[in-house]
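The values are calculated or read from the model by the stated rules, or taken from the named source; none is laboratory data. Predicted, not measured: the structure shown is a model, and the values here were computed from it. Please note: Cβ atoms are built from the backbone with ideal geometry, for glycine as well, and neighbour counts cover all protein chains shown. The protein model used for the area step is the full one, side chains on, heavy atoms only, and it has no ligands, DNA or RNA in it. Shrake-Rupley method; radii C 1.70, N 1.55, O 1.52, S 1.80 Å.
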Amino acid sequence: MNECAGIKTAGDWRGVDLGARTVSYDERDAILYAIAVGATATELDLVFEERLRVLPTFALTLAQWAPDELGKRGGFDISTTLHGSQELRMFEPLPRHGELTLTASVGDVWDKGGAAVFEVKVQCRYFQATWSLFAPGSGNFGGDRGPSRPHVPTGAPEICGVLSTASNQAVLYRLTGDRHHIHIDPDSAALIGQPRPIMHGLCTLAASTVQLARLTGVHPADLVSLDARFTAAMHPGDTPRVDVWGKEGDLSFQLVNGDKVAISGGRARFDHCSMTPSRRP
């Protein structure tokens, strides 16, 4: 922990301001992102600048600097900390291009005994995103354990489909900003016990929401809220099963890869009436 700032335990990070950052992007960045998470050449409003609707999950690439900032400040050991879960709330659709000012802070810090869970919150006019980061060895500071795991639907899924990932998907997704070596270098992947480079969790999650939209007849750009837990690694080229419960755009889902659940407790809400596309750059 960073004792130079008067922080002695993980719990002392609660509420710490992580600063602000202005990020900019254009249509090319949004299109590259859409392709990296599985958009096809025929989905023109995701890949053609004349019709472009920016995927809401693109916001998570714009805000990735915030959890990285907490790691740089000494909040957790970046070599062992895991991305436990992700939340996203959209207030307005992302414009096709623009400059956004994002502010970030540490939210709650939960004490899981042998580990701490840090919440990193990022917000701007268009969205709020929350990372939950599982940090082994940082617990036992006398804090609250936090909420229990989200409810998992019972009974057979109402819809089942397949998410086909590409063998080069992690390589492509790295170009959107997250260039951690475990997603491309076999030696780095081996250090975390993986037989080969793994998919980015946020890439898998975004690709899942695009496929959810296809399976249920909604538009992926109409996503207004998203929650999910990461429970097992995925590898490029995997073809996990997508299990879906719910109707009318308010969906529960999980991603099952072989005999493991890769994403659990998924909730996604799509509502084309809830937001009006922004005309501002």
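Descriptive notes on the structure:
- For the residues H200, H183, H151, the requirement of being open to solvent by 50 Å² or more (accessible area, probe 1.4 Å) and either under 30 Å from P93 (Cβ atoms) or touching a strand residue (DSSP E or B) at 6+ places or on another chain (Cβ under 8 Å) (or both) singles out H151.
- When A116, A129 are screened for being under 18 Å from R229 (Cβ atoms), in contact with a Gly (Cβ under 8 Å, 6 or more places away or on another chain), aliphatic (A, V, I, L, M) and in a strand (DSSP E or B), only A116 passes.
- Residue count for the stretch 86-101, restricted to those that are among the small types (G, A, S) and part of a loop (DSSP other than H, G, I, E, B): 0.
- Selection count where residues are in a loop (DSSP other than H, G, I, E, B) and either without any contact (Cβ under 8 Å) to a residue 12 or more places away in the chain or open to solvent by 10 Å² or more (accessible area, probe 1.4 Å) (or both), scope the stretch 8-51: 16
- Qualifying residue in the stretch 228-250 (condition: in contact (Cβ under 8 Å) with a residue 24 or more places away in the chain, closer than 30 Å to D26 by Cα, among the hydrophobic types (A, V, I, L, M, F, W, C) and surrounded by fewer than 20 Cβ atoms within 10 Å (Cβ to Cβ)): no
- Filter result for I78 (more than 20 Å from A207 (Cβ to Cβ), touching a helix residue (DSSP H, G or I) at 6+ places or on another chain (Cβ under 9 Å) and open to solvent by 50 Å² or more (accessible area, probe 1.4 Å)): yes
- R196 being assigned to a helix (DSSP H, G or I) and among the basic types (K, R): no
- Neighbours by Cβ (under 7 Å, 6+ apart or cross-chain): first from the stretch 55-77, closer than 24 Å to A36 by Cα; second modelled with pLDDT under 95 and part of a loop (DSSP other than H, G, I, E, B): T61/G177; Q64/G177; Q64/D178
- If you go through the stretch 205-264 and pick out every residue that is at pLDDT below 95, in a strand (DSSP E or B) and out of contact with any Lys or Arg (no Cβ under 6 Å at 6 or more places or on another chain), you end up with 2.
- The residues of the stretch 265-281 that are open to solvent by less than 40 Å² (accessible area, probe 1.4 Å), farther than 16 Å from G201 by Cβ and at pLDDT 95 or above amount to a single one, F270.
- For G177, the stated conditions do not hold, so it cannot be described as surrounded by 20 or more Cβ atoms within 10 Å (Cβ to Cβ), in contact with a helix residue (DSSP H, G or I) (Cβ under 8 Å, 6 or more places away or on another chain) and modelled with pLDDT under 95.
- First in the stretch 79-100 and hydrophobic (A, V, I, L, M, F, W, C) and at pLDDT 95 or above, second anywhere and in a loop (DSSP other than H, G, I, E, B) and open to solvent by 60 Å² or more (accessible area, probe 1.4 Å), Cβ under 8 Å, 6 or more apart: F91/R125; L100/R125
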